[in-house]
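The values are calculated or read from the model by the stated rules, or taken from the named source; none is laboratory data. None of the values given here were measured: they were computed from a predicted structure. Here the Cβ is made from the backbone with ideal geometry for all residues, glycine too, and neighbour counts use every protein chain on show. Accessible surface is based on the protein model in full, side chains and every heavy atom, while ligands, DNA and RNA are left aside. Shrake-Rupley method; radii C 1.70, N 1.55, O 1.52, S 1.80 Å.
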Amino acid sequence: MYMRYYLSFCLLLLSSFLVEAQAPQYGLASYYGDYLHGRPTASGEKYDLKKFTCAHRQLDFGTMVKVTRTDNNRYVIVRVNDRGPFVKGRIVALSRAAANHIGLDKAGITKVKLEILPDEADLSQNKSTNIPEGQIPTSFDAPMEAT
């Protein structure tokens, strides 16, 4: 009888950790300097400033995340392939392409919300603009609200 309660408690505790791990993160985003283009990332992949990738301190390589600017609701979907940023308050460093897409290249640093996407997310359905031919569309602007 006690074993059943113990197992139920353990499952409940485990599920609460999983739910917490999926909670959005808020902080600052920055982007990679162009001088890093072609250099290896922590995953071993070479950094390509034209791809939609990012660096995060803890998320698994290959994790897909949605990064939304909190000031204008523009967002981009990127894949984690590096570690960092290692500056207090910053939670993600975006590639040049991803930064350009949300206007971060002009701002330099901005407040963002980061959401982990499910493994089965179908990114091929995303609408996109201004993405070079031959590149998989992995991001788009959120609809702007009428003012």
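Name the single residue, out of those in segment 55-72 being among the hydrophobic types (A, V, I, L, M, F, W, C) and open to solvent by 40 Å² or more (accessible area, probe 1.4 Å), that is nearest to Gln22 (Cα to Cα).
If we take residues in segment 55-72 being among the hydrophobic types (A, V, I, L, M, F, W, C) and open to solvent by 40 Å² or more (accessible area, probe 1.4 Å), then Met64 is nearest to Gln22 (Cα to Cα).
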Pairs under 7 Å by beta carbon, first residue within 17 Å of Asn73 (Cβ to Cβ) in segment 91-109, partner open to solvent by less than 10 Å² (accessible area, probe 1.4 Å) and not in a strand (DSSP E or B), six or more apart or different chains?
-> Val92/His56; Leu94/Leu104
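Here's the yes/no breakdown for (1) touching a helix residue (DSSP H, G or I) at 6+ places or on another chain (Cβ under 7 Å); (2) hydroxyl-bearing (Ser, Thr, Tyr); (3) farther than 20 Å from Ile91 by Cβ:
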residue: Gln22; (1), (2), (3): no, no, no
residue: Gln25; (1), (2), (3): no, no, no
residue: Asp34; (1), (2), (3): yes, no, yes
residue: Pro40; (1), (2), (3): no, no, yes
residue: Glu45; (1), (2), (3): no, no, yes
residue: Lys50; (1), (2), (3): yes, no, yes
residue: Leu59; (1), (2), (3): no, no, no
residue: Val65; (1), (2), (3): no, no, no
Just to be sure, is Asp48 at pLDDT below 95 and part of a loop (DSSP other than H, G, I, E, B)?
-> no
Say we look at segment 73-86 and pick out the residues that are touching a residue at least 60 places away in the same chain (Cβ under 8 Å) and open to solvent by 40 Å² or more (accessible area, probe 1.4 Å); which of these is farthest from Leu49 (Cα to Cα)?
-> Asn73
Return yes when Ala93 is small (Gly, Ala, Ser) and assigned to a strand (DSSP E or B) and no when it is not.
-> yes
Given (1) surrounded by fewer than 16 Cβ atoms within 10 Å (Cβ to Cβ); (2) modelled with pLDDT under 95; (3) within 22 Å of Leu49 (Cα to Cα); (4) not polar (S, T, N, Q), Lys111 misses just (2)
